[in-house]
Amino acid sequence: MHELSIATSLVELACDHARQHEGRRVTKVMIRIGVLQHVARSLYFCFDNVARGTACEGAVLEIEEVGLTVECPACRAVKAPSGLYNFRCPDCGVPTPQVVTGRELQLVSIALAPDAASDRPALGRAGDEPIYARSTS
Amino acid sequence: MCGICGCDAGEARIDGNPSPEAAHPPLIRSRTTPASHDHGHGHGHGHGHDHIHGHSHDHHHRDGHGHALQSPGIVPDTGREHLVAIERGILSKNDGFAAANRARFAEQGMLALNFVSSPGAGKTSLLVATIEGLKKELPIAVIEGDQETENDAERIRATGVPAVQINTGRGCHLDAHMVGHALDSLPVERGSLLLIENVGNLVCPASFDLGEAHKVAILSVTEGEDKPIKYPDMFAAARVLVISKIDLLPYLRFDLERALDYARRVNPTIEVVRLSTETGEGMPAWLEMLRRQARAARAGLPGGAGAGREERGDGLAAMDHRRRAAAI
């Protein structure tokens with residue numbers, strides 16, 4: 001439900017960086033989101049709206065989803081729990097509050113248009129499937 | 001506008017006045033110079049992760065879209081995208097404001113707590129009962145967050161302690177920036193207990209650090225006992241779980257042990273307090289916990305006992321810190 005705030009912060013951050021590069025238009029925004037954030041897919045719904053009228057308008061949002069891993073204090077090893085909300089070691093059953101990956105919410109990089117002053121944003125994303133990537137690490 | 005819940009930013013009001021947010025510069029706008037020449041171009045890019053879908057990552061321009069003439073001094077169009085590595089937390093701006101709030105709290109020896117729950121769990125009633133129990137011992141101040149109305153701040157002011165109401169408009173949570181501005185208009189003393197009542201919402205407030213010492217999640221026994229696993233983020237983000245309205249347990253089928261089991265599944269180290277503001281049952285233990293935490297916060301002040309050391313929960317504080325660090 002807070003996708004809008006996240007999308008707004010994301011667009012603002014990307015625009016800040018674009019401004020440092022002669023205000024070039026952003027053509028792609030690459031982000032990394034942990035599964036525990038539960039916002040990955042829903043970000044597509046609001047990114048375009050938030051980006052409208054900014055240097056990010058028409059940019060493609062590319063999401064890398066990061067799986068959940070926890071550190072088991074008993075095994076002293078990083079494990080992947082059996083479920084998203086079963087914070088126990090899958091091998092020894094000890095509670096594992098220490099999340100190693102899965103809470104990420106990062107702007108990884110942006111791609112800027114080749115020229116500094118584009119006339120208008122990219123058009124026609126209709127029919128394109130959302131780009132969705134998953135990292136299992 | 002959010003396609004899911006319709007929430008929006010920039011509508012927050014503090015005590016009925018527009019938030020200074022509205023006066024902040026807007027996002028930069030893309031240039032809209034008229035097209036002066038057309039050309040087609042392709043884009044290549046590389047990135048290091050595997051994709052589920054095998055679809056193409058072609059750039060989404062239509063061929064032949066226009067580009068303005070280049071200004072002198074700007075690198076000529078080479079037909080290639082320019083990739084800028086950033087690697088920063090998306091909420092890093094909020095985290096920056098939260099860090100500033102946290103520094104302010106530490107400097108003043110204040111204990112700031114962020115109360116989160118669904119609407120109707122009894123946040124305001126708990127705040128009122130807490131104030132009545134502690135106002136003779138501690139300076140207390142309150143920040144109230146609601147979409148609309150000053151009702152909650154008025155309930156708090158009736159107890160005699162200062163309160164600021166933040167109306168978030170369509171926003172579904174408080175953020176650190178709003179809290180920073182609310183602090184400016186709140187008379188707080190050194191060593192105060194600051195109670196921040198977030199918007200009643202078990203989802204969004206989990207992601208926004210306000211600079212608080214920790215979050216207190218409230219689950220009333222009139223709700224489902226499976227709320228901790230239905231809204232796991234919130235119960236994972238809280239250090240303390242208050243089970244409220246326990247005077248009603250005899251009339252309900254609420255399975256308290258199951259609720260606690262669910263809460264510990266998502267947060268194995270969560271501290272639990274059971275209470276009723278109606279009968280006062282459990283309130284002494286709750287107030288004692290706050291006294292202890294407030295003492296620890298004051299101990300951080302120069303001249304305070306055990307300066308700079310937290311009495312308890314160090315491991316959890318460290319965990320919260322790591323969690324934040326991971327997001328930056």
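The values are calculated or read from the model by the stated rules, or taken from the named source; none is laboratory data. Keep in mind that this is a model prediction, so the values were computed, not measured. Backbone-built Cβ (ideal geometry, glycine too); neighbour counts: all protein chains shown. What goes into the accessible areas is simple: the full protein's heavy atoms, side chains included, and nothing from ligands, DNA or RNA. Shrake-Rupley method; radii C 1.70, N 1.55, O 1.52, S 1.80 Å.
Looking at B:Ile156, B:Ile140, B:Ile196, just one residue is within 23 Å of B:Arg239 (Cα to Cα) and more than 18 Å from the chain's Cα centre (by Cα), and that residue is B:Ile140. Among the numbered criteria (1) more than 30 Å from A:Thr8 (Cα to Cα); (2) in contact with a strand residue (DSSP E or B) (Cβ under 9 Å, 6 or more places away or on another chain); (3) not small (Gly, Ala, Ser), which one does A:Asn86 miss? Against the list (1) more than 30 Å from A:Thr8 (Cα to Cα); (2) in contact with a strand residue (DSSP E or B) (Cβ under 9 Å, 6 or more places away or on another chain); (3) not small (Gly, Ala, Ser), A:Asn86 comes up short only on (2). Where helices (runs of 4 or more DSSP H) sit wholly within the stretch B:225-267, those with at least 2 residues that are among the aliphatic types (A, V, I, L, M) occupy B:232-237, B:256-266. Every listed requirement among (1) in contact with a strand residue (DSSP E or B) (Cβ under 7 Å, 6 or more places away or on another chain); (2) within 13 Å of chain A (Cβ to nearest Cβ) is met by B:Glu212 save one, (2). Scan (1) part of a loop (DSSP other than H, G, I, E, B); (2) open to solvent by 60 Å² or more (accessible area, probe 1.4 Å); (3) at pLDDT below 95 for the single condition B:Thr279 breaks and write down its number. Every condition holds for B:Thr279 apart from (3). Scanning the stretch A:71-106 for residues that are open to solvent by 50 Å² or more (accessible area, probe 1.4 Å) and of a type in the set (Gly, Ala, Ser) returns A:Ala74, A:Ala80, A:Ser82.
Applying the selection to the stretch A:41-65, what residues are open to solvent by 10 Å² or more (accessible area, probe 1.4 Å) and not acidic (Asp, Glu)? Answer for the stretch A:41-65, where residues must be open to solvent by 10 Å² or more (accessible area, probe 1.4 Å) and not acidic (Asp, Glu): A:Arg41, A:Ser42, A:Tyr44, A:Phe45, A:Asn49, A:Val50, A:Arg52, A:Gly53, A:Gly58. Filtered by the rule that a residue be open to solvent by 10 Å² or more (accessible area, probe 1.4 Å) and facing chain B (nearest Cβ under 7 Å), the stretch A:4-18 gives A:Ser5, A:Thr8, A:Ser9, A:Glu12, A:His17. Taking every residue in the stretch B:267-286 that is free of Cβ contacts under 8 Å to residues at least 24 places away in the same chain and pairing it with any residue that is open to solvent by less than 20 Å² (accessible area, probe 1.4 Å), at least 6 positions away or on another chain, the pairs with Cβ-Cβ distances below 7 Å are B:Pro268/A:Phe87; B:Ala285/B:Val273. Listed by position, the strands (runs of 3 or more DSSP E) contained in the stretch A:19-103 that have at least 2 residues being farther than 24 Å from B:Glu271 by Cα and more than 8 Å from chain B (Cβ to nearest Cβ) are A:26-34, A:60-66, A:77-79.
Answer yes or no: is there a residue in the stretch B:284-293 that is of a type in the set (Lys, Arg), in contact with a helix residue (DSSP H, G or I) (Cβ under 9 Å, 6 or more places away or on another chain) and at pLDDT below 50. The answer is no; no qualifying residue exists.
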